[in-house]
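Scroll down for the structure; my scribbles are underneath it.
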Amino acid sequence: MDFSGKNILIVGASSGIGYALAQKLVSAKANVISASRNSPPDLGVKHLYFDAIEDSGQVFGELSQLDGL
């Protein structure tokens, strides 16, 4: 599947399954955005810090602040 240039938001990309998914998507040339408490190590992805996500509007508000999306 071609993910080149696709913007993909992963909640919990700093570890576990989310991190493994982020690695695969980065290698497939996707634009990965991580939303979590910790920044994913060594991926070079855009990161949104969230202590707790109250609703989807909070995420979309933060995403609108990122350059290049």
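What follows draws every value from the coordinates through simple rules; no lab data is involved. On a predicted model such as this, the values are computed, not experimentally measured, just so you know.
A few notes on this one:
- Taking amide H as placed 1.01 Å from N in the peptide plane, residue 9 has its amide H under 5 Å from the amide H of 33, each at least 5 places away in sequence or on another chain.
- Size of the stretch 1-47 from its Cα atoms: along the principal axes, largest to smallest, the extents are 28, 16, 16 Å.
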